[in-house]
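What follows draws every value from the coordinates through simple rules; no lab data is involved. Predicted, not measured: the structure shown is a model, and the values here were computed from it. FYI the Cβ positions are ideal-geometry reconstructions off the backbone, even for glycines, and counts take in every protein chain you see.
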Amino acid sequence: MQYSVSRILPYTPRRIWSLLENVEHFARNDPFHHDFEYITPRRSGVGTAFRITHTYFPVFPFAADHVVCKIIQWEPERIQTLLESNERLYRSHIQRFLLTRKGSAIVQYTISYRGLPSWLFPFSQWVRWGVRRRMEAKLSELALQCDRDEVKANAQESIAVPTGDAPTHPLLPTLTSSLH
């Protein structure tokens, strides 16, 4: 079973990647992931691993468990793939963010499950709705954070002190020489 959503964001892949490279984003504002904890000294790149509590509410109430997550693919400004391993193999899945550039950046977010038991098939439509809704919310949060970062960067540029050939008032040399 695979779920996929995509969104065009009016930012460069570099701006978007600056948010994705902090793997804590997998648990930030997420109703399914809680209690983020690194289990490796790495904080980014292939091999970074962490533990989280994974809940399936409201999709599957009372099914919380702990999972180990590991970054298995990392190409800066292009692709980030996470393997979320669960003791119940059918709950293990892969999350992937793929960035492509066509004017603006296109962010594709995919979650893939393998080996789901046939008894879960009747739930697939209900699960699809909840998971896709969360995935779309994740991309909206990414867009909102890019917006905030853009505003912050523009504000810092506008209050920066000019250096070098800063324009001066024509009376400034006269005023300063009369003070001596």
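Observations on the structure shown:
- With an a/c value of 1.5 or above and a/b larger than b/c for the gyration tensor axes a ≥ b ≥ c computed over the alpha-carbon atoms, the stretch 65-155 is described as prolate.
- Cα gyration tensor category, rounded, prolate or oblate, for the stretch 1-144 with a/c compared to 1.5: oblate
- The HN-Hα couplings worked out from phi for the stretch 35-42 by the Karplus form 6.51 cos²θ - 1.76 cosθ + 1.60 (θ = phi - 60°) are 6, 5, 8, 5, 10, 10, x, 5 Hz, whole numbers, x standing for Gly and Pro.
- Bridging of K70 to aspartates and glutamates at a Cα separation below 17 Å is possible for E21, E24, D35, E37, E84, E87, once same-chain residues fewer than 8 apart are set aside.
- Bridging of K102 to lysines at a Cα separation below 22 Å is possible for K138, once same-chain residues fewer than 8 apart are set aside.
- Gain on full stretching of the segment that runs from R96 to I39 - 0.36 nm per residue minus C-alpha separation: 18.5 nm
- Phi-derived couplings, Karplus 6.51 cos²θ - 1.76 cosθ + 1.60 at θ = phi - 60°, listed residue by residue for the stretch 66-76: 10, 10, 10, 10, 9, 6, 10, 8, 8, 10, x Hz, with x used for Gly and Pro.
- Three-way shape label, the stretch 1-47, alpha-carbon gyration tensor, a/c 1.5: oblate
- Residues whose amide H falls under 5 Å from that of I52, counting only those 5 or more places apart or on a different chain, are V67, C69, with hydrogens built in the peptide plane.
- Spin-label model distance (nm) - L144 vs L89, 7 Å beyond Cα toward Cβ: 3.9 nm
- 3J(HN,Hα) along the stretch 111-116, derived from phi through the Karplus expression 6.51 cos²θ - 1.76 cosθ + 1.60 where θ = phi - 60°, amounts to 10, 10, 10, 10, x, 5 Hz, with x in place of Gly and Pro.
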